[in-house]
Amino acid sequence: RIELSPLTRDELREQLTDILGGPPEPELLDRLWSRSEGNPLFTEELLAAGLDGRGTLPPTMRDALMVRVERLSDGAQEVLRLVSKGRRLDTELLADVTTLEPAELSAALREAVANHILAVDEDDWYSFRHALLREVVADDLLPGERSAIHLQLAHALERRAAERGEGAHLAAGIAHHYYAAGDQPAALAASVRAADAADAVHAHGEAAALSERALDLWDRVENPEEIVGIDYVELLRRTAIDTGAMDDFPRKEHLLKKALALVDKEAEPRRAADLMEGLARTQWSLNRGADAMETAAHALELLPEDEPTKERARLLGWLAKARMLQGKYMASLEIGSEAIEVGKAAGDTLAEGRARNARGISLAALGDVEAGCAELRQSIEIARARDNMSELGSAYANLADALNAAGRTREALKVVEEGQIVVSQRSRTDWLGTMIAEFQWLLGEWDSADRWMPSSERHQVGTALMYIMLQRIEMALGRGDHAAAREYLDEISEYVGGSSEPQFLGAWGTLSARLDLREGDIESARSKVDEALDRIEFCTEDASRIVRLSAVGVAIEADAAQRARDLGEDPGPALARAEIMLARVRAAAEGDRPVERGWLLTAEAHSSRAAGEAEPTLWADAAEHWESLERPYEIAVSRLHEAEAHLAASDRQGATTAASSALVIAKKLGAGWLTGEIEGLCARARLQFDGAPSEVVAEEAGADHEPAEEEPFGLTPRERQVLT
């Protein structure tokens, strides 16, 4: 006997791909996964009934399934009709809504289970063994029967709620059944109550759906405000908060603007300011920084400066964070201090937590890492006390970011892992998951980093999209997948173009320039660095992004100078630009900044390469510094350039040692492009590791040949003959 288990989700995707000739849309996969429950025959039949997966079962299959139902007793069929609409019911609920006597109900349930139509779980709840069986029974009901069953179930659930208390799941069930029964006033009231109950347990997706239903019902009911106890503006605001928690920022913006249009700003300035604060944060998340700042400024104009209100405190707290994200750290500290003062006077800890979050990053970025981390830990505690998952996730992310920027990446990884565990229980954590991937990537744990990246099927917008895509580009460049890197860069070019955040502008310029340089387009690489620096250096104090961009700029000019010498041209212009870029690196790396120090050492080594006087010791110093920070990819790059410098100085043993070290790291990481560069150098120079020829050098190339002193460029007689 061979038990055929249902297909897994991945197997179902494979089946659909084979049928459709291409990968299915995520929505279609979800729909057929839910309806077929992994049964491949049902999947094919549902797809044949409609390519959108919404079609009804074909008559032959429907008839086959109904035969199993119709041969049961009348009592069993009545139970099936109730469960088809209740989906999952226990004996007590069934007894409350059925006309059957207790003994008859027991017999009916036993019959339905024995015939493999219903299944009973470990908690003694009954449900259909397969979703399509339930569909068939439900579709066979007359319209009046459906409404009557839903109304019976709503009343039964309300009686249970009165006895035991109305939890989120029970409240949602009551709202659903009233809505399905067509009792719109009861459905409106129940939907609002259920949304509140869902919010209380951080089920924001369920809360958003229930609130959207309430919005839809609002105009269909007389005196809706009396029924639900809130007005339409408040319902819009609550719905917006829940949609934002699910990262649906376009919908959140629409709802907030709709609510704001219904508020008299002169009569209710605080209410209008509150809505505008939420709107500003949403616009920032949608990567519309200018709109966000304008909205926040208008909101502040509505509030008197001498009145400490929570609305003013929260606006100031958000502005402090916005200035921090723009790299304007001094302004962020000043606004953040005011926000804390106003927040304390108004008794609002949320504003204080946001302000300390912004101040923490700003202090760390300006060099006082310990003070900054202390502020960020306070922000975490405030968010935890308020049970605010959005603020908690932000505080964890920024504490980890501050530690990583200070070269304490291992510590940063522990912080973000803790944050991901805490926040993931109640909210989406794509940003935190990407941070884990980023830090693991820096530490050389590339396979694990791949697993932490959010699925490409997950819909992202705005700042989250940019961050995730930029990390994908970093990983594609590391692996050597230049086609994917170019595709990702093109995909988010418009988003980055509208950003005002150095964290995105700097990464974009660095990654774009690196790819252009690998492809030999020096002019394009140079323009990418110049453009990014122009945008970042304008009124910002974000030294870390300036350092890395400028270091890449020095590397570009080193390549340009070498190319000029190879072509017999003047390397002077490239050398002049390299000096300008190096001066930027030196200025931005002042103080006790370990990561910036690493980029400075790298830039100084590239500068010597630009001058045609590559010094192995400079590259060795850079490699040792990167070792102290556990950055294996940068170690391998530095060792590769060290090997090149040793060869230029005719030190083959030094070159062999450096190249061997670089190759071991690159292969362990899986760094495809870098591995190729190192192996190419070894092949050209015929370097030997441990007394044996390099594995990349073919035996017929004469790897074991030791060139005589008079042979130019270390070539064998055969190689010179070929060149001649």
Selection count where residues are more than 13 Å from the chain's Cα centre (by Cα) and within 12 Å of Ser394 (Cα to Cα), scope region 423-444: 1
Residue among Arg354, Arg377, Arg386 that alone is open to solvent by 40 Å² or more (accessible area, probe 1.4 Å), touching a Ser or Thr at 6+ places or on another chain (Cβ under 8 Å) and closer than 22 Å to Gly419 by Cβ: Arg386
Residues satisfying the stated conditions in region 262-288, i.e. of a type outside the set (D, E, K, R), under 19 Å from Tyr232 (Cα atoms) and not in a loop (DSSP other than H, G, I, E, B): Pro269, Ala272, Ala273, Leu275, Met276, Gly278, Leu279
Single residue of region 100-114 satisfying the filter (under 20 Å from Arg71 (Cα atoms) and of a type in the set (D, E, K, R)) that is surrounded by the fewest Cβ atoms within 10 Å (Cβ to Cβ): Arg110
Condition check for Val97: crowded, with 16+ Cβ neighbours inside 10 Å, in contact with a His (Cβ under 9 Å, 6 or more places away or on another chain) and hydrophobic (A, V, I, L, M, F, W, C): yes
Selection from region 538-569 of residues that are polar (S, T, N, Q) and in a loop (DSSP other than H, G, I, E, B): Thr540
First in region 480-497 and in contact (Cβ under 8 Å) with a residue 24 or more places away in the chain, second anywhere and open to solvent by 60 Å² or more (accessible area, probe 1.4 Å), Cβ under 8 Å, 6 or more apart: Gly480/Trp673; His482/Glu519; His482/Trp673
Among (1) in contact (Cβ under 8 Å) with a residue 24 or more places away in the chain; (2) more than 25 Å from the chain's Cα centre (by Cα) - the single one Lys321 does not satisfy: (2)
Of all residues making up region 517-539, the number that are open to solvent by 20 Å² or more (accessible area, probe 1.4 Å), over 26 Å from the mean Cα position of the chain (by Cα) and touching a residue at least 24 places away in the same chain (Cβ under 8 Å): 5
Residues within region 277-302 that are touching a residue at least 24 places away in the same chain (Cβ under 8 Å), buried (at least 22 other Cβ atoms within 10 Å of the Cβ) and of a type outside the set (Gly, Ala, Ser), tallied: 7
Flag if Tyr396 is open to solvent by less than 10 Å² (accessible area, probe 1.4 Å), of a type outside the set (Gly, Ala, Ser) and part of a helix (DSSP H, G or I): yes
Segments classed as helices (runs of 4 or more DSSP H), wholly inside region 13-104, with at least 1 members that are within 22 Å of Ile149 (Cβ to Cβ): 26-36, 59-70, 74-86, 91-97
Members of region 664-673 found to be under 16 Å from Trp626 (Cα atoms) and either touching an Asp or Glu at 6+ places or on another chain (Cβ under 8 Å) or open to solvent by less than 30 Å² (accessible area, probe 1.4 Å) (or both), listed by number: Ala666, Leu669
Search result, residues across region 77-114 that are in contact (Cβ under 8 Å) with a residue 40 or more places away in the chain and small (Gly, Ala, Ser): Ser84, Gly86, Ala112
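The values are calculated or read from the model by the stated rules, or taken from the named source; none is laboratory data. Since we're looking at a predicted model, the values are computed, not measured. We place every Cβ from the backbone using ideal geometry, glycine too, and count neighbours over all the protein chains shown. Accessible surface areas use protein heavy atoms only, side chains included; no ligands, DNA or RNA. Shrake-Rupley method; radii C 1.70, N 1.55, O 1.52, S 1.80 Å.
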